[in-house]
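What follows is a single structure, written as structure tokens, with notes after it.
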Amino acid sequence: MSNANIKNITTSAVRAGINTDQHHGAVVAPIHLSSTYSLKAFNEKRQFDYSRTGNPTRATFAKTIANLEQGSVGIVTSTGMSAVHLICQLLATDDLVVIPHDCYGGSFRLFTHLAKRGQFKLIVVDQNDQSALADALAKKPKLVLLESPSNPLLRLVDIEVVSKACHEVGALVAVDNTFLSPALQQPLTLGADIVFHSTTKYINGHSDVVGGVLVTKEQALGEELAWWANCIGITGSAFDSFLALRGLKTLPIRIKQHQENAVQVAEFLKNHPAIDTVYYPGFEDHPGHDIAKKQQAGFGAMLSFDVKGGVAAVKKLFANIELFTLAQSLGGVESLINHPPTMTHAGMDEEARLAAGITDSLVRISVGLEDINDILADLAHGLAQSQQ
């Protein structure tokens with residue numbers, strides 16, 4: 001049975017690269033660390049000739065992600081941000097790009113700074129404001145970037161509805177699916193043209209790889225972007241591809257446990273006197289709850305919250321937790337805690353952060369796979385101390 005014929009995502013993830021070795025019958029896809037490959041003869045290339053252009057291990061990983069996202073072409077990049085930068089190669093100086101006002105700080109920084117250099121024109125808009133989004137689309141952009149759920153406030157956009165509106169004006173739609181992974185959402189099936197991830201996060205899942213991946217719905221667009229990935233030299237390494245492929249095999253089962261823990265954490269925080277607001281799409285009163293139910297297979301394991309007492313309380317919280325690690329990133333087996341204004345979104349100026357709703361009291365957590373009682377006890381201790 002070929003992986004292409006397997007529809008269940010759990011089976012597809014587990015079977016990624018299994019029994020594909022044609023030389024020695026290795027059950028697990030081997031790592032091909034060679035930087036270069038011999039030609040058969042003068043001007044007769046094999047399938048691979050140089051690892052920046054193509055590598056067997058990277059190709060297996062790319063094909064697997066493309067299958068999971070139900071796309072045509074997968075391109076593995078060195079980082080999540082290099083995947084975003086790769087999309088920018090489609091743009092000319094007169095092209096218009098629309099990005100969400102509350103997107104990941106690294107994406108915001110990249111697009112705003114490239115626009116300042118004149119690489120393209122840019123509109124930053126609240127994509128939940130239908131009137132503002134309609135006005136932006138009326139200007140006929142070349143590319144519209146979506147991030148659903150958004151980082152760090154877990155806002156959602158209806159990918160199907162927005163993609164249809166974008167296509168009506170001739171725009172390409174690229175969706176950041178990092179927070180959910182293909183285990184919980186497949187934007188290409190909802191109308192997007194491109195989906196991308198930081199594979200550093202849930203796809204690898206063990207905080208030991210930095211990488212990215214991009215998948216296109218159409219073959220021709222994928223081939224164009226693959227050409228650019230080789231041209232500018234941002235393709236991922238064989239070893240990182242191997243590790244990410246290894247992590248991917250447990251993605252569905254990890255996501256299941258991540259979510260089970262996250263539901264209990266969200267409920268705990270919602271009822272805690274030290275918390276003002278919890279941002280979690282699993283709550284029925286979350287503005288994007290119905291959208292999440294429509295386009296996602298689950299609510300994910302990311303959530304954020306405002307701590308009463310501002311920065312002073314946040315500092316006390318961080319100083320009094322032991323299980324949660326204060327660090328960048330997300331999606332690993334370990335629980336991580338983050339202060340977006342000074343960490344993930346420090347690249348946004350204060351005005352832009354506040355406009356996006358990212359206040360100094362905001363904390364983001366990536367709920368890990370530790371025992372739920374230990375997770376809750378750690379948060380309870382830290383929050384109690386935050387109000388002292």
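The values are calculated or read from the model by the stated rules, or taken from the named source; none is laboratory data. Treat the numbers as computed from the prediction; the structure is a model and nothing was measured. Cβ: placed from backbone, ideal geometry, glycine included. Neighbour counts: every protein chain shown.
Restricting attention to segment 138-168 and to residues that are farther than 14 Å from Gly105 by Cα and hydroxyl-bearing (Ser, Thr, Tyr), the residue that is surrounded by the fewest Cβ atoms within 10 Å (Cβ to Cβ) turns out to be Ser163. Would segment 44-60 turn up any residue that is outside any helix (DSSP H, G or I) and touching a Leu at 6+ places or on another chain (Cβ under 6 Å)? The answer is yes; a qualifying residue exists.
In segment 232-265, what count of residues is obtained for those that are among the hydrophobic types (A, V, I, L, M, F, W, C) and within 29 Å of Leu303 (Cα to Cα)? Residues flagged as among the hydrophobic types (A, V, I, L, M, F, W, C) and within 29 Å of Leu303 (Cα to Cα) within segment 232-265 amount to 10.
Which condition does Ala29 not pass, out of (1) of a type in the set (A, V, I, L, M); (2) buried (at least 16 other Cβ atoms within 10 Å of the Cβ); (3) within 18 Å of Val210 (Cα to Cα), if it passes all the others? For Ala29, the exception is condition (3).
Only one of (1) buried (at least 22 other Cβ atoms within 10 Å of the Cβ); (2) touching a strand residue (DSSP E or B) at 6+ places or on another chain (Cβ under 6 Å) is not met by Ala226, so which one is it? Of everything listed in (1) buried (at least 22 other Cβ atoms within 10 Å of the Cβ); (2) touching a strand residue (DSSP E or B) at 6+ places or on another chain (Cβ under 6 Å), Ala226 misses just condition (1).
Yes/no per residue for (1) at pLDDT 95 or above; (2) assigned by TED's automatic domain parsing to the domain that holds Phe196; (3) more than 16 Å from the chain's Cα centre (by Cα); (4) not in a helix (DSSP H, G or I):
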| residue | (1), (2), (3), (4) |
| --- | --- |
| Thr10 | no, yes, yes, no |
| Gly17 | no, yes, yes, yes |
| Gly74 | yes, yes, no, yes |
| Leu86 | yes, yes, no, no |
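The rows are residues; the columns are (1) touching an Asp or Glu at 6+ places or on another chain (Cβ under 6 Å); (2) closer than 30 Å to Glu147 by Cα; (3) surrounded by fewer than 17 Cβ atoms within 10 Å (Cβ to Cβ).
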site: Ala13; (1), (2), (3): no, yes, no
site: Ile18; (1), (2), (3): no, no, yes
site: Gln47; (1), (2), (3): no, no, yes
site: Gly118; (1), (2), (3): no, yes, yes
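Taking the conditions exactly as written (part of a helix (DSSP H, G or I), in contact with a helix residue (DSSP H, G or I) (Cβ under 7 Å, 6 or more places away or on another chain) and of a type outside the set (Phe, Trp, Tyr)), does Leu243 satisfy them or not? So Leu243 fails the test.
The strands (runs of 3 or more DSSP E) located wholly in segment 269-387 that include 3 or more residues which are at pLDDT 95 or above and over 21 Å from the mean Cα position of the chain (by Cα) occupy 275-279. Filtering segment 287-326 to residues that are in contact (Cβ under 8 Å) with a residue 60 or more places away in the chain and farther than 23 Å from Ala380 by Cβ leaves Pro287, Gly288, Ile291, Ala292, Lys294, Gln295, Gln296, Ala297, Gly298.
Which count do you get for residues in segment 101-113 that are over 15 Å from the mean Cα position of the chain (by Cα) and in contact (Cβ under 8 Å) with a residue 12 or more places away in the chain? Count: 5. Anything in segment 206-265 that is under 26 Å from Asp371 (Cα atoms) and of a type in the set (Lys, Arg)? List them, or say none. If the condition is that a residue be under 26 Å from Asp371 (Cα atoms) and of a type in the set (Lys, Arg), then Arg246, Lys249, Arg254, Lys256 are the ones that fit.
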